[in-house]
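A.B. asks: The structure under discussion is supplied below as structure tokens; questions concerning it will follow.
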């Protein structure tokens, strides 16, 4: 979570070829939550896996099936393949 | 492989090449030249002589001297470039260099961004191992209570290893994002998946 102008921003990091891009929302702001949810759903349709990663550094992530606006940090990982 | 100088006595008729004794289709002319059939003119000697010998070869009744034929094929006529063409070539080269430099810059930035993200999601111990050795370890616990130890090495493919407590590799796994993301992002994806969805990881990964 990042604090900006006294509001708590939750962050979704989307991994891509240029590193990750960040998408933020304020869980109290319905418009931002709706935009974040739309982004989440669009990526899930593309095969991304979503992980909720909170708490102490390095703590194991949790697989997210649906968007949870209360998640402080989400990592969207692109679809994988066996090499 | 056709030379119009007539040195080798071949000519084309309706999609087929004909030497003095045999009608050869396009597909087998190379084979005929390079495999000896015991014919009178030793086809298999022609190519080596063209390419490196100072001797002469005879195919049918045509004499090939040294490697003249090959040289003729590969030597370009003197290239005359006008000042205008030279300037255009210089601009094309310069643009290509700029584009390559930009791609390199973006790649370096992406690598740095990915490494920051990876380090943010490693424990202090994992961070230390990663900085020193370019790898880190993690443990998983299956539903039936079995503990496994994995090592994720820097890289994109075949970089996940199941190891024992002495770091002996028991198995290698190859699994990575379909997109060409930076290596550090690949390692983070592998870590997250192993910890949160190990059965899925093992189902998709190629193991060796």
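A.B. asks: Please compute the Kirkwood hydrodynamic radius of region A:2-77 from all pairs of different C-alpha atoms, in Å with one decimal. Before the final figure, lay out each step's value.
C.D. replies: Values: mean 1/r = 0.0792 Å⁻¹.
One decimal place: 12.6 Å for the Kirkwood radius.
A.B. asks: Just counting partner chain Cβ atoms within 10 Å, what average do the residues of peptide B:189-199 show around their Cβ? Please report the intermediate quantities before stating the final value.
C.D. replies: On the way: counts 8, 2, 5, 11, 6, 1, 8, 10, 5, 0, 0.
For peptide B:189-199, the averaged partner shielding equals 5.
A.B. asks: How far is the Cα center of region B:86-115 from the Cα center of region A:32-83, in Å?
C.D. replies: 33 Å
A.B. asks: What distance in nm separates the simple spin-label points at residue B:157 and residue B:120, each placed 7 Å from Cα in the Cβ direction?
C.D. replies: 2.9 nm
A.B. asks: By its C-alpha gyration tensor, with a ≥ b ≥ c as the square roots of the eigenvalues, how is region B:132-202 shaped: rounded for a/c under 1.5, else prolate for a/b larger than b/c, else oblate?
C.D. replies: Oblate is the answer for region B:132-202, as a/c is 1.5 or above yet b/c matches or exceeds a/b.
A.B. asks: Taking a point 7 angstrom from the Cα of residue B:79 along the C-beta vector, which residues in region B:93-135 have backbone N less than 19 Å away?
C.D. replies: B:93-97
A.B. asks: Also: Please give the calculated 222 nm ellipticity per residue for chain A, where each DSSP H segment of at least 4 residues contributes -39500 (n - 2.57) and the sum is spread over every residue; nearest 500 deg cm²/dmol? Mind dumping the intermediate values first?
C.D. replies: On the way: 1 runs with 16 residues, N = 83.
It comes out at -6500 deg cm²/dmol, rounded to the nearest 500.
A.B. asks: How many partner chain Cβ atoms sit within 10 Å of a residue's Cβ in peptide B:165-176, on average, as a whole number? Before the final figure, lay out each step's value.
C.D. replies: Values: counts 0, 0, 0, 0, 0, 0, 0, 0, 2, 3, 4, 5.
What the average comes to for B:165-176 is 1.
A.B. asks: Within a 10 angstrom radius of the beta carbon, how do B:160, B:81, A:80, A:53 rank from fewest other beta carbons to most?
C.D. replies: Details: B:160 27, B:81 10, A:80 21, A:53 24.
Listing B:160, B:81, A:80, A:53 from fewest to most nearby Cβ atoms yields B:81, A:80, A:53, B:160.
A.B. asks: Quick one: the Cα spread of region B:78-208 along its three principal axes, in angstroms, biggest first?
C.D. replies: Principal-axis extents of region B:78-208 (Cα, largest first): 76, 30, 25 Å.
A.B. asks: Let me ask another. Relative contact order of region B:78-208: what whole-number percent is it, with Cα pairs under 8 angstrom and at least 6 residues apart?
C.D. replies: Details: 141 pairs, mean separation 24.2, N = 131.
Once normalised by length, the contact order is 18 percent.
Bear in mind these aren't lab numbers, they're just calculated from the coordinates by the rules spelled out. Every value quoted in this text rests on a predicted model; they were computed, and no experiment measured them. In this analysis, Cβ positions are derived from the backbone assuming ideal geometry, glycine residues included, and neighbour counts consider all displayed protein chains.
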